[in-house]
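What follows is one structure encoded as structure tokens, with my remarks underneath.
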Amino acid sequence: MSEATGAAAEVIIRTRKLTKEFARDSFRVVALKDVDLDVKRGEFIALMGPSGSGKSTLLHLAAAMDRPTGGTIEVLGQDIGAMGESAVARWRNRHIGFVFQSFNLIPVLTAFENVELPLKLTHLKKGERDQHARTALRLVGLDDRMHHYPKQLSGGQEQRVAIARAIVTDPDILLCDEPTGNLDAKSAQEVLTLLKRLNEEYGKTVLMVTHDPHAAHFARTIRYLDKGELLPEGQAPEDWRTPEPHA
Amino acid sequence: MKIPLSYNLRNLAVRRTTTIMTAFGIGLTVAVLAASMSLTAGLREAFRASGHPLQLILMREGSGAELSSQVSRESFNEVIRYRPGIAKLKSGEPAASLELVNTINLPSKESPDGMNLTNRGILPEGVAMREDFTMVRGRWFEFGKREVVVGSDVASRYPDAGLGRTIRFGRGEWLVVGVFDTPFPARKSEVIGDANQMLQDFQRGSLFSSVLVRAEDEVAMQALTNSLSAEQRLQLDVLTEREYYERQSSSGNLIQYVGTFVAIIMAVGSMFAAMNTMYAAVARRSKEIGTLRVLGFSRRSILTSFFIESMILAVLGGVAGLLLVLPLNGLTTGIGADATFAEIAFQLRVTPEVALTSMIFALIVGAAGGLLPAFGAARKQILTALRDM
Amino acid sequence: MRFLPLIFKNALRNRRRSFLTISSLALSICLLGVLTALYAALFHSSPPPGQELRLVTRHKVSITNVMPTWYKERIRAVPGVKEVIIWQWFGGWYKTEERDRQYFFPRMAAEADRLFAVYPEWEIPEDQKRAFQADQTGCIVGADLAKAQGFKIGDRINIRGSFFPVNLELTVRGIYHSPHESDSLWFQFKYLEQGFESLGWPNFAGTFTMLAESPEAIPGIIRAVDAMFANAEAPTKTETEYAFGLSFLAFLGNVKMILLSICGAVTFTILLVAANTMAMSVRERVREVGVLKTLGFTQEKILGILLGESMAISLIGAGIGLVMAQGLCVMLRQAPPIVQQTKTLTIEPAVLAILIGVSLLLGVASCIVPAWSAARTSILDALRFTD
Ligand SMILES: Nc1ncnc2c1ncn2[C@@H]1O[C@H](COP(=O)(O)OP(=O)(O)O)[C@@H](O)[C@H]1O
Ligand SMILES: [Mg+2]
């Protein structure tokens, strides 16, 4: 699983003419239009673009949290549009880790319990679950905060717990929707370093939506969405201020 | 500065489901109380209304009820009948009626196994003194025959006691020849026939049960009461007809106690539920509270506003509860009269008094449930309120 | 179940709300428990040992109507009847003529020579038994009554007649213990008969109490006795002593219906309270439902977790409520009994099972609508949800 990125790495997200329209009353919003995207195993892609350009929508489709209105999306060789509701849930549990801007930890559970939660859907025994959860928390550097409740953690720590929760089932793909959007600079740095490490050392494929050019430079590739369309690699929207790489 | 009522109303409307559920919870509590109260109210009314203001019931001392009393024909004729102060009937005879009371058992609609009914034997004076009776069907019984007339409640509630049917009690069968109605509810539950016929059937010799006497006026009534109570040859209890019937209604008390007890426990439960709802309302509107405070509303007006909101809930609940019991108003049911074991039919009454008490009860529940959350709302610091949620 | 900790933590998420809800449920279930126990005691209980063999024959109309005394010998001849005595309710007034509970206790006349044969479970010293039987104006009192009124052997007790205009002057000759009823006074029927004679009344009996040879004989006895007198001057009704006690309830009106309607109202109130809480609590959590789904939870699992939470709350409330109900039952046993059945009032295992079942059902019913709709909300709608 944690193979290094090879030249001939498989494509694990493949979209063709992926389109998503939202119809509300007489309004129709085209959130994504004919998006062709290939994400190879082991890539770290930052998705950028103005607000409303369809970034989140793309992540949601990739996580099968929503269904496309046109085109196809294949993840890990599966046509996820064709899966049933509970099959999708199981698939998501096994293959996808999702990180939200607003952390979304369960407030009544401790850091440890939050991380353990997705494992309860697997066949692992209590002892194995404990061990996995501990490992994940150690990886994000919070093994000393295991029994704290989300309220007792800082924003950066909360997000790291959320990342631990996302990776605890050892998924292939990590989808992050503005993971640093609610964090101060220092916490953001920690989280981004962590994601980078996950990508480089553990071979996780990361697709990260961000507004922050600094954050985007942690990724190996930056792709832009504009009004629902995916711009070709290396191209940014016209009025886009190309982010300066930080020192 | 007062926060307008429409603010509360709109909030209640927005949280429709919660509002309805909470109000209905209070409503059910109120309904239990109101139902038990309307039962006793109806019972009391039935008995209270049953007494002629100038009539006295004479029974053997200590017997408590007509059923357990004995008065012999001889003592009636010698000691009671010709007392001064007793009103005269049209016939010129004194308005004093010697009566025989028994219970008989007939299957009723509600209890097919049989319910007890009061069976009364009277003499011609007794018929004459019942001017309030109107024969809605059939006719009065004839003396010397095994015939009875039944009250309208009996006719309607006991399928076997309809006009033209024969009922069995005593030593044989009796023909129902008439159905009477009377404004005195307790009397509607009686089966009445010739006392002399019944004496034989019940092997009573010449022992009747009680005497009904009508005084000429209030003064005469008082004098009669005094002289009859003091009578040495006969030890008598002298009660006005009203007193007598009022005493009989005490079997309703137990029902009222139980009803009140249940309602109070339920009320505490509903109060907790109302509290829950109001706390949720306060929590949900935390930001609004902050905003209102910034706009210059005082803590007191916040307190009042939330308190009023819970009172509105209570009023809704009270109204719902009363609407629930209203169909019971006028419903006829039977209850055993104290000490006679005979059934008396009466109608449940949702009186204004019942309604008022229930409403007050609902308001108390609302007030108790709303006070703490309202204080909680008023105590919020402006900034925490704005930050919350 | 792996999700139990999550369910419990969720159930207690909002401490104040959970406390209020659980208290409210506990009170209602306590009430429901007592009412159900009462209902079960009145309408579904079986007589205690010692009593199951006893039958009572009364006039078909009511106990205030009387039967001729010669019925006794006819009843004795019925197969399966071991012993029979005349048993007459006396009533009357002790010390006061007010309806004063303090001085109220049952007073009965019975045939002293056979009394103890019909009540074999009574414990009374042999010499007291004989002293009572030998004294026409003697009486025996139950141990509880003796304690309550301070009666001692040799005490004089005067009872003024009410229903029967006979005044009794009794002497306490014995104190008996009975496993189910020790608060009555019994005196000799002969003494009462004398009173009737002096009044010029014919002899009559209010009820006959009999002892059956075996439980199997009971239905036959009931049929035989009632058939024997069906067309006599005084038709009879024979029933077990236990059922006979219940017939006094009839004068309270339709007790069955009253109990059932109150139970209905209480149950419905519980449902409302629980539903209200669960609706609030689920609403607050729709976002979390979205998160759970993102982690791979299926609709069914989420529904299960929400239902589990609601059932947990109901169960906790039911547990507390049933303990309180048992306490209340014990208290009610001390209250002046209308019928004997309430003296051993308790939450029977069957009632317990029913009530726990009912509360679980209420837990599901109160939550199913909001839980179902939350579980079905699409991930994105759930994540976007704001209350
Ligand atoms: N559920 C929805 N209903 C209607 N329109 C939606 C919905 N979700 C997203 N949109 C619209 O789709 C477009 C893309 O949204 P999104 O993917 O969230 O943009 P962003 O790039 O800011 O993440 C926006 O115009 C948004 O208004
Ligand atoms: Mg977005």
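The values are calculated or read from the model by the stated rules, or taken from the named source; none is laboratory data. None of these values were measured; they are calculated from a predicted model. Positions of Cβ are backbone-derived with ideal geometry, glycine not excepted, and every protein chain shown enters the neighbour counts.
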**Request:** Could you please tell me which pairs satisfy a Cβ distance under 6 Å, a separation of 6+ or placement on different chains, a first residue in the stretch B:77-89 that is in contact (Cβ under 8 Å) with a residue 12 or more places away in the chain, and a second residue that is in a loop (DSSP other than H, G, I, E, B) and of a type outside the set (A, V, I, L, M, F, W, C)?
**Result:** B:79/B:233; B:85/B:216; B:87/B:216
**Filter result for residue B:75 (within 28 Å of the chain's Cα centre (by Cα) and surrounded by 16 or more Cβ atoms within 10 Å (Cβ to Cβ))** = no
**Request:** May I ask you to verify whether residue C:244 is more than 14 Å from every other protein chain (Cβ to nearest Cβ), among the aromatic types (Phe, Trp, Tyr), over 27 Å from residue B:236 (Cα atoms) and touching a Lys or Arg at 6+ places or on another chain (Cβ under 9 Å)?
**Result:** no
**Asked** Taking residue A:113, is it surrounded by fewer than 23 Cβ atoms within 10 Å (Cβ to Cβ), charged (D, E, K, R) and either over 28 Å from residue A:148 (Cβ atoms) or away from chain C (no Cβ under 11 Å) (or both)?
**Response** no
**Item:** Verdict on residue B:275 being facing chain C (nearest Cβ under 10 Å), in a helix (DSSP H, G or I) and closer than 29 Å to residue B:34 by Cα
**Value:** yes
**Asked** Which residues, counting only those in the stretch B:1-25, are polar (S, T, N, Q) and more than 9 Å from every other protein chain (Cβ to nearest Cβ)?
**Response** B:6, B:8, B:11, B:19
**Asked** In the set A:21, A:43, which member is acidic (Asp, Glu), more than 11 Å from ligand 1 (Cβ to nearest atom) and touching a residue at least 24 places away in the same chain (Cβ under 8 Å)?
**Response** A:43
**Request:** Might you let me know whether the stretch B:70-86 holds any residue that is within 10 Å of chain C (Cβ to nearest Cβ) and either of a type outside the set (Gly, Ala, Ser) or in contact with a Pro (Cβ under 6 Å, 6 or more places away or on another chain) (or both)?
**Result:** yes
**Asked** Which of the residues spanning the stretch A:78-101 are away from ligand 1 (no atom under 13 Å from the Cβ), touching a residue at least 40 places away in the same chain (Cβ under 8 Å) and not in a helix (DSSP H, G or I)?
**Response** A:96, A:97, A:98, A:99
**Message:** I want to confirm something. Restricting to the stretch A:190-217 and keeping residues that are crowded, with 22+ Cβ neighbours inside 10 Å and not in a helix (DSSP H, G or I), which single residue is nearest to ligand 2 (Cβ to nearest atom)?
**Reply:** A:209
**Message:** Against the conditions (1) basic (Lys, Arg); (2) more than 16 Å from ligand 1 (Cβ to nearest atom); (3) within 11 Å of chain C (Cβ to nearest Cβ), where does residue A:67 fall short? Just the number, please.
**Reply:** (2)
**Request:** Evaluate the following for residue A:8: is it more than 10 Å from ligand 1 (Cβ to nearest atom) and modelled with pLDDT under 90?
**Result:** yes
**Request:** Determine, yes or no, whether residue C:294 is buried (at least 23 other Cβ atoms within 10 Å of the Cβ), in the same structural domain as residue C:32 (by TED's automatic domain parsing), within 16 Å of ligand 1 (Cβ to nearest atom) and modelled with pLDDT of 90 or more.
**Result:** yes
**Prompt:** Here are some conditions: (1) away from chain C (no Cβ under 14 Å); (2) more than 14 Å from ligand 2 (Cβ to nearest atom); (3) assigned to a loop (DSSP other than H, G, I, E, B). Residue A:21 meets all but one. Which one does it not meet?
**Reply:** (3)
**Item:** Answer residue from the stretch B:123-155, given it is touching a Gly at 6+ places or on another chain (Cβ under 8 Å) and either outside the structural domain of residue B:193 (by TED's automatic domain parsing) or among the hydrophobic types (A, V, I, L, M, F, W, C) (or both) and is nearest to residue B:166 (Cα to Cα) among those
**Value:** B:148
**Asked** Of (1) of a type in the set (Lys, Arg); (2) free of Cβ contacts under 8 Å to residues at least 60 places away in the same chain; (3) within 12 Å of ligand 1 (Cβ to nearest atom), residue A:55 satisfies all except one. Which?
**Response** (2)
**Request:** With the condition kept exactly as written, say whether any residue in the stretch B:305-328 is part of a loop (DSSP other than H, G, I, E, B), touching a helix residue (DSSP H, G or I) at 6+ places or on another chain (Cβ under 8 Å) and either within 25 Å of residue C:267 (Cβ to Cβ) or away from chain C (no Cβ under 11 Å) (or both).
**Result:** no
**Request:** Just give me the residues in the stretch C:138-182 being of a type outside the set (Gly, Ala, Ser), within 14 Å of another protein chain (Cβ to nearest Cβ) and surrounded by 15 or more Cβ atoms within 10 Å (Cβ to Cβ), in sequence order.
**Result:** C:159, C:160, C:163, C:164, C:165, C:166, C:168
**Request:** Please go through the stretch C:14-32 and pick out each residue that is free of Cβ contacts under 8 Å to residues at least 24 places away in the same chain and more than 7 Å from chain B (Cβ to nearest Cβ).
**Result:** C:15, C:19
**Message:** Any residue at all in the stretch A:79-88 that's within 14 Å of chain C (Cβ to nearest Cβ), away from ligand 2 (no atom under 16 Å from the Cβ) and polar (S, T, N, Q)?
**Reply:** yes
**Hits in the stretch A:28-71 (condition: within 16 Å of ligand 2 (Cβ to nearest atom) and among the charged types (D, E, K, R))** = A:55, A:66
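Rundown of residues vs (1) more than 14 Å from chain C (Cβ to nearest Cβ); (2) out of contact with any Ser or Thr (no Cβ under 9 Å at 6 or more places or on another chain); (3) free of Cβ contacts under 8 Å to residues at least 12 places away in the same chain, yes/no style:
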{"residue": "B:130", "(1), (2), (3)": "yes, no, no"}
{"residue": "B:133", "(1), (2), (3)": "yes, no, no"}
{"residue": "B:139", "(1), (2), (3)": "yes, yes, no"}
{"residue": "B:188", "(1), (2), (3)": "yes, no, no"}
{"residue": "B:198", "(1), (2), (3)": "no, yes, no"}
{"residue": "B:206", "(1), (2), (3)": "no, no, no"}
{"residue": "B:214", "(1), (2), (3)": "yes, no, no"}
**Asked** Of everything in the stretch C:297-313 that's facing another protein chain (nearest Cβ under 10 Å) and in a helix (DSSP H, G or I), which residue is surrounded by the most Cβ atoms within 10 Å (Cβ to Cβ)?
**Response** C:302
**Message:** I'd like to verify a number: residues in the stretch C:289-342 that are closer than 30 Å to residue C:182 by Cβ and hydroxyl-bearing (Ser, Thr, Tyr), how many?
**Reply:** 1
